[in-house]
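These notes concern the structure reproduced below.
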Amino acid sequence: MTINQNFQQLKSSYLFANIGKKVREYQAAHPGADIIRLGIGDVTRPLPQASIEAMHSAVDDMSRAETFVGYPTDYGLHFLEDAIQADYALRGVKLDLDEIFLSDGAKSDTGNIGDILGTDNIVAVCDPVYPVYVDTNVMAGRKITLLPCNAESDFAPPLPTEHADIVYLCSPNNPTGTAMNATQLQAWVDWANAHGSLLLFDGAYEAFITEDLPRSIYEIPGARTCAIEFRSFSKTAGFTGVRCAYTVIPKELMVDGASVNALWGRRQATKFNGVSYITQRGAEATFTPDGRAQVQATIAYYLNNAKTIRNALADAGFQVWGGVNSPYIWFAAKQGMGSWELFDLLLNEAQVVGTPGSGFGPAGEGYFRLTGFGTAERTVEAVERIRGRLG
Ligand code: PLP
């Protein structure tokens with residue numbers, strides 16, 4: 001018996017364990033301390049009312065033999081794919097229904113997509129990065145190269161200078177909160193088509209875009225032959241606990257002479273039995289006029305928190321990114337301070353908890369991430385403390 005030895009190569013998930021340990025120690029030493037957590041990457045607002053109603057009604061469907069739904073994949077229902085297709089069409093992106101694959105999460109899909117790709121491919125990821133892209137490829141034994149992103153280019157990922165078969169892009173970005181414009185995305189699409197490389201485009205935060213920027217990689221000419229797009233209802237509509245996402249694979253996309261769309265369809269049909277009917281009804285409701293308005297209101301709430309944090313940090317003299325097209329605010333520690341030093345300073349002086357940038361990759365050292373996913377009241381309280389004590 002052997003195990004997959006690649007798992008031995010994984011770095012321990014030191015980041016959140018260490019944050020938890022430090023907070024517990026601080027609390028033990030300061031029992032009355034009122035700690036505000038702005039490190040969270042999870043949503044906190046309730047689901048849109050339209051989704052709640054649709055899910056209640058879907059439960060009723062399940063209570064009657066005539067409207068009952070079993071394995072969703074066997075029922076030929078594609079009301080959610082229809083709604084997603086129509087949503088893309090609003091941005092001028094034309095997709096066939098069988099180019100849209102529903103799933104339980106962008107986390108699963110960005111990792112599982114590796115099942116259909118050779119383990120000898122070289123994978124490039126941005127540094128700093130959402131750790132799932134790295135760990136899932138370490139599990140598969142792929143070689144990973146880093147694309148260091150820096151303040152000079154506002155954390156836009158540089159085109160690879162060495163060979164890369166697969167590149168993960170995330171825009172708006174977690175953790176830096178920055179979003180790529182059409183020119184930058186076009187450069188990536190042109191590069192991928194010229195090199196026969198595959199772009200794995202994570203658009204989990206597209207709903208937070210407020211500026212005139214592309215929301216889908218398929219708004220960029222040429223993307224259909226080189227890119228897969230991942231999207232999720234998690235951050236868009238508060239579905240982190242419900243679980244629903246989708247991946248788009250155009251039929252033109254060929255790797256090694258094989259249709260990626262067909263391979264992924266085969267993979268999913270074998271390993272995945274579909275998104276629950278009740279969940280799909282809840283997700284469908286986010287595309288109704290009421291649902292859209294409710295989703296927008298919640299996103300505006302988080303973005304307002306992000307703006308509050310961004311402005312306060314700027315007032316306190318920090319250099320800040322993100323928070324405009326993203327719930328994430330990324331900022332530089334002052335005077336060469338390290339990410340963990342800043343973590344300790346914020347915890348000790350302001351009782352505010354965030355996420356050290358170094359936890360997202362070596363290029364994150366000296367940076368820090370806060371999020372707009374808290375409550376408005378606690379966010380205001382946190383920034384008053386930061387302004388008063390660190391400004
Ligand atoms: N992609 C990025 C960049 C994320 O930050 C997250 C969650 O934090 C996900 C994907 C996960 O999305 P889901 O909840 O759909 O699995």
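The values are calculated or read from the model by the stated rules, or taken from the named source; none is laboratory data. Nothing here was measured: the structure is a model prediction, and the numbers come from that model. Cβ atoms come from the backbone with ideal geometry, glycine included; neighbour counts cover every protein chain shown. Accessible surface areas use protein heavy atoms only, side chains included; no ligands, DNA or RNA. Shrake-Rupley method; radii C 1.70, N 1.55, O 1.52, S 1.80 Å.
Can you tell me the FRET efficiency between residue 348 and residue 219 if r is taken as the Cβ-Cβ distance and R0 is 51 Å, rounded to the nearest 0.05? Mind dumping the intermediate values first?
Working: r = 45 Å, r/R0 = 0.89.
Rounded to the nearest 0.05, the efficiency is 0.65.
Calculate the FRET efficiency for residue 365 and residue 33 from the Cβ-Cβ distance with a Förster distance of 35 Å, rounded to the nearest 0.05. Mind showing how you got there, number by number?
On the way: r = 27 Å, r/R0 = 0.78.
In this case the efficiency is close to 0.80.
Give me the accessible area per residue for segment 219-316, probe 1.4 Å, as a whole number in Å².
Values: 3890 Å² over 98 residues.
With the other protein chains kept in place, segment 219-316 gives 40 Å² per residue.
Heavy atoms of the protein only, probe of 1.4 Å, neighbouring chains included. What is the accessible area of residue 149 in Å², nearest 10?
10 Å²
Which value, in Å² rounded to 10, gives the accessible area of residue 211 with a 1.4 Å probe and all protein chains present?
100 Å²
In segment 83-179, what GluC sites (Glu not before Pro) fall in a loop by DSSP, with at most 15 other Cβ atoms inside 10 Å? Provide the component values of the computation, followed by the final result.
Working: sites: 99, 152, 162; in loops: 162.
Counting only loop positions with at most 15 other Cβ atoms within 10 Å, the GluC sites (Glu not before Pro) in segment 83-179 are 162.
With the convex hull built on the Cα atoms of the chain, state its orientation-averaged projected area in nm².
Hull-based average projected area comes out at 21.4 nm².
Please work out how much accessible surface residue 228 shows to a 1.4 Å probe, ignoring ligands, DNA and RNA, in Å² rounded to 10.
Accessible surface of residue 228 is approximately 0 Å².
Go through segment 199-261 and name the trypsin sites (Lys or Arg not before Pro) that are in a DSSP coil and have 14 or fewer other Cβ atoms within 10 Å of their Cβ.
On the way: sites: 215, 224, 231, 235, 243, 251; in loops: 215, 243, 251.
Qualifying residues, ordered by number: 251.
Along Cα→Cβ, 7 Å out, is where each label goes; now give me the distance between the ones at residue 159 and residue 269 in nm to one decimal.
Roughly 3.9 nm, to one decimal.
Does anyone have the angle between helix 131-140 and the longest principal axis of the chain? Alpha-carbon axes, 0 to 90°, nearest 10?
Value to nearest ten degrees: 60.
Distance check, please: which entries in 251/271; 143/235; 94/235 exceed 28 angstrom between their Cα atoms?
Numbers: 251/271 21 Å; 143/235 30 Å; 94/235 24 Å.
Beyond 28 Å: 143/235.
To the nearest µm²/s, what D does Stokes-Einstein give for segment 229-371 at 10 °C and 1.306 mPa s, using the Kirkwood radius over alpha carbon pairs as Rh? Intermediate results must be reported in sequence, preceding the final value.
Working: Rh = 18.4 Å.
The Stokes-Einstein estimate is 86 µm²/s.
Tell me the carbon and sulfur percent of the accessible area for segment 49-288, rounded to whole percent, probe radius 1.4 Å. Can you show the working numbers first?
Details: 5190 of 9810 Å².
Roughly 53 percent of what the probe reaches on segment 49-288 is carbon or sulfur.
Could you tell me how many degrees, from 0 to 90 and to the nearest 10, lie between the Cα long axis of helix 49-62 and the main elongation axis, the longest principal axis, of the Cα atoms of the chain?
Taking Cα atoms only, the helix is inclined about 40 degrees.
Computed FRET efficiency, Cβ-Cβ of residue 210 and residue 2, R0 51 Å: what is it to the nearest 0.05?
For R0 = 51 Å, the calculated efficiency reads 0.50.
Can you tell me the orientation of helix 376-390 relative to the chain, as the angle in degrees between its alpha-carbon axis and the longest Cα principal axis, to the nearest 10?
40 degrees
Give a quick list of chymotrypsin sites (Phe, Trp or Tyr not before Pro) in segment 12-106 that DSSP marks as loop, anything other than H, G, I, E or B, with at most 14 other Cβ atoms within 10 Å.
Numbers: sites: 14, 16, 26, 68, 75, 79, 88, 101; in loops: 68, 75.
Of the chymotrypsin sites (Phe, Trp or Tyr not before Pro), the ones in loops of segment 12-106 whose Cβ has at most 14 other Cβ atoms within 10 Å are 68, 75.
What is the antiparallel percent of DSSP beta bridges lying wholly in the chain, to the nearest 5? Kindly include the intermediate steps, with their values, before the conclusion.
Details: 20 of 39 bridges.
In the chain, DSSP labels about 50 percent of beta bridges as antiparallel.
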